[in-house]
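The values are calculated or read from the model by the stated rules, or taken from the named source; none is laboratory data. As the structure is a computational prediction, the values presented were derived from the model and not from experiment. All Cβ positions, glycine included, derive from the backbone under ideal geometry; neighbour counts span all protein chains shown.
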Amino acid sequence: MPKIQLTQSIVDTATCPKSQAKVDYFDTKTPGLMLKIHPSGNRSYSIRYKTERGKTVEKRFSDAKIVKLSDARQWAKENLAKIEMGEDPFAKKATLKDVPTFAEFVADSYMPHAKSYKL
């Protein structure tokens, strides 16, 4: 896990050896920002931080082929600042995962109720 100052050219040209599952590059300019490169050529930005309880958490947030490094740095700084202030920027996404889809609602709640009243 090398620590380097990421540049847009590094993001565009860095490769992963076939013998490794992935390579993580940590940015020295924005602590917590990392670039993951897979042997398939996929590149993504992630942030790594510690929770209030000291657990290390890593969240992938964007495809490096689409988002420029300057935008990723800005996003990482904003969200790491929110985390430092005690706010969880990923809480909304986590709660949305708990909300059932319409198909799940029909299968789990509506149909059992409807079948119990059907003669």
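Against the list (1) under 17 Å from P31 (Cα atoms); (2) small (G, A, S); (3) modelled with pLDDT of 90 or more, the condition A64 fails is (1).
Within the range 30-45, residues that are farther than 10 Å from A76 by Cα reach partners that are in a strand (DSSP E or B) and of a type in the set (A, V, I, L, M) with beta carbons closer than 6 Å, at six or more positions or on different chains, in the pairs I37/V23; R43/I37.
I'd like to verify a number: residues in the range 1-11 that are within 18 Å of the chain's Cα centre (by Cα) and assigned to a strand (DSSP E or B), how many? Of the residues in the range 1-11, 0 are within 18 Å of the chain's Cα centre (by Cα) and assigned to a strand (DSSP E or B). Applying the criterion of at least 1 residues that are surrounded by 15 or more Cβ atoms within 10 Å (Cβ to Cβ) to the helices (runs of 4 or more DSSP H) found wholly in the range 12-119 leaves 69-84.
Is it true that F102 is touching a helix residue (DSSP H, G or I) at 6+ places or on another chain (Cβ under 9 Å), more than 24 Å from S9 (Cα to Cα) and of a type in the set (F, W, Y)? Taking the combined requirement at face value, the residue does not satisfy it. Contact map, the range 57-74: residues that are within 15 Å of V11 (Cα to Cα) and in contact (Cβ under 8 Å) with a residue 12 or more places away in the chain paired with residues that are of a type in the set (S, T, N, Q) and in a helix (DSSP H, G or I), Cβ distance under 6 Å, separation 6+ or inter-chain. Pairs shown: L69/Q8.
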